[in-house]
Each structure stands twice: as C-alpha cells, then as structure tokens.
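Asker: So that we are looking at the same thing, I have put the structure below in structure tokens.
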C-alpha cells in the first residue's frame, strides 16, 4: 500500500511538539530545570522543592536571606526564564 502524501520526519516531530498540551508540559519541565541555571548553584543548594503549576513556579527555599534576594530580582528571573523558553510562559514565582 502506497501513501499519496509522505511527510518528512522533521515535519512530524514539529507537529507533535507544537501541540499545546505537550508544549506546555515540556515548558514546565524546562522551566524547572532552568531555575538552577539562571539562579546559580548557591541558590540551588538551598532550594528544597520546585513545582511548576498553572504558569507559576512554586519554590521552597531554606534560607530567609536567599528568599529576600530572590524577591528583589523576581521580575528579572521570570524574564530570563521566559526568554530561554522562547515565549511568555511563566507569570509569577512564589517562594515558600
């Protein structure tokens, strides 16, 4: 049986990864992984848990000093994460 229309593998992958649900799921994982890269190793050491839900990053941090520093540069962190993701995905960061 011969198909009348053939697709390149790159086209199939592009169609698969651009579906909205899959793209959101992948961006959630990427945003979680970008936290360490953007905030640095010192912040990563005091970070206990990271959860991305409804376009918000929830971060549990042990150090109150680091929490204060993160609050001061929160907008910049959001901007850099969204820049790395290539779209306006993360709306807020909530520290616990």
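Asker: Suppose we filter 38, 81, 50, 65 for residues that are on the phi < 0 side of the Ramachandran plot and outside any helix (DSSP H, G or I); which single one remains? Walk me through how you get there before you give the answer.
Answerer: Details: 38 fails: outside any helix (DSSP H, G or I); 81 fails: outside any helix (DSSP H, G or I); 65 fails: outside any helix (DSSP H, G or I).
Sole residue among the options that is on the phi < 0 side of the Ramachandran plot and outside any helix (DSSP H, G or I): 50.
Asker: Kindly evaluate residue 50 against the criterion of being surrounded by 11 or more Cβ atoms within 10 Å (Cβ to Cβ), more than 22 Å from residue 24 (Cα to Cα), without any contact (Cβ under 8 Å) to a residue 40 or more places away in the chain and in contact with a strand residue (DSSP E or B) (Cβ under 7 Å, 6 or more places away or on another chain). Talk me through it step by step, then tell me what you get.
Answerer: Numbers: surrounded by 11 or more Cβ atoms within 10 Å (Cβ to Cβ): yes; more than 22 Å from residue 24 (Cα to Cα): no; without any contact (Cβ under 8 Å) to a residue 40 or more places away in the chain: yes; in contact with a strand residue (DSSP E or B) (Cβ under 7 Å, 6 or more places away or on another chain): yes.
Against the criterion (surrounded by 11 or more Cβ atoms within 10 Å (Cβ to Cβ), more than 22 Å from residue 24 (Cα to Cα), without any contact (Cβ under 8 Å) to a residue 40 or more places away in the chain and in contact with a strand residue (DSSP E or B) (Cβ under 7 Å, 6 or more places away or on another chain)), residue 50 does not qualify.
Asker: Let me ask you something else. Checking residue 59 against (1) modelled with pLDDT of 95 or more; (2) assigned to a helix (DSSP H, G or I), only one condition comes out false. Which one?
Answerer: Residue 59 satisfies all of (1) modelled with pLDDT of 95 or more; (2) assigned to a helix (DSSP H, G or I) except (2).
Asker: If you take the residues of segment 84-96 that are surrounded by fewer than 13 Cβ atoms within 10 Å (Cβ to Cβ) and assigned to a loop (DSSP other than H, G, I, E, B), which of them is farthest from the chain's Cα centre (by Cα)? Show your work before the answer.
Answerer: Filtering segment 84-96 down to residues surrounded by fewer than 13 Cβ atoms within 10 Å (Cβ to Cβ) leaves 86-88, 91-92, 94, 96.
The next check asks that each one be assigned to a loop (DSSP other than H, G, I, E, B); those that pass are 86-88, 91, 96.
Numbers: 86: 10, 87: 10, 88: 10, 91: 11, 96: 18 Å.
The qualifying residue farthest from the chain's Cα centre (by Cα) is 96.
Asker: Is it true that residue 71 is modelled with pLDDT of 95 or more, touching a strand residue (DSSP E or B) at 6+ places or on another chain (Cβ under 8 Å), surrounded by 10 or more Cβ atoms within 10 Å (Cβ to Cβ) and not in a helix (DSSP H, G or I)? Spell out the reasoning first.
Answerer: On the way: modelled with pLDDT of 95 or more: yes; touching a strand residue (DSSP E or B) at 6+ places or on another chain (Cβ under 8 Å): yes; surrounded by 10 or more Cβ atoms within 10 Å (Cβ to Cβ): yes; not in a helix (DSSP H, G or I): no.
It is false that residue 71 is modelled with pLDDT of 95 or more, touching a strand residue (DSSP E or B) at 6+ places or on another chain (Cβ under 8 Å), surrounded by 10 or more Cβ atoms within 10 Å (Cβ to Cβ) and not in a helix (DSSP H, G or I).
The values are calculated or read from the model by the stated rules, or taken from the named source; none is laboratory data. Being a predicted model, the structure only gives us computed values, none of them experimental. Methodologically, a virtual Cβ is constructed for each residue, glycine included, from the backbone with ideal geometry; neighbour enumeration extends over all protein chains shown.
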